[in-house]
Amino acid sequence: MVADDRVAARFTMRGTHQGPFFGAQATGKNIIVSAVNFYSFSEGKIVEERGQPDLLNLLQQIGGIPA
């Protein structure tokens, strides 16, 4: 029996900045954001998810902070 199953996933999200985000008004710009998530499983089901996108890079892409 496994008491603690965990998985890490690194992925890239793509989209369009269509609404306010952390004070930056919609720009219509295409964005690409890398992220990593950690999942815990119990009985074959996800019971916990923790993730961290690259918010610094995202805010730079939409003009929320200087690049």
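Distance from the Cα centre of segment 5-25 to that of segment 46-64, in angstrom? Answer, in whole Å: 5. Working note: 222 nm ellipticity from helices only, DSSP H runs with n ≥ 4, each -39,500 (n - 2.57), summed and divided by the residues of the chain, gives -2500 deg cm²/dmol to the nearest 500.
Restriction of the chymotrypsin sites (Phe, Trp or Tyr not before Pro) in the chain to DSSP coil positions whose beta-carbon has at most 11 other beta-carbons within 10 angstrom yields F22.
Largest first, the residues V33, V47 sort by 1.4 Å accessible area into V47, V33. When +1 charges are put on Lys and Arg Cβ atoms and -1 charges on Asp and Glu Cβ atoms, the dipole computed for the chain relative to its Cα centre reaches about 320 debye.
For the chain, the square roots a ≥ b ≥ c of the C-alpha gyration tensor eigenvalues yield an a/c of 1.5 or more together with a/b exceeding b/c, which makes the shape prolate.
How much area per residue is accessible in the chain when the probe is 1.4 Å and only protein heavy atoms are counted (Å²)?
Heavy-atom SASA per residue in the chain reads 78 Å².
The values are calculated or read from the model by the stated rules, or taken from the named source; none is laboratory data. Keep in mind the model is a prediction, meaning the values are calculated, not measured. In this analysis, Cβ positions are derived from the backbone assuming ideal geometry, glycine residues included, and neighbour counts consider all displayed protein chains. Calculation scope for accessible area: heavy atoms of the full protein, side chains included, ligands and nucleic acids excluded. Shrake-Rupley method; radii C 1.70, N 1.55, O 1.52, S 1.80 Å.
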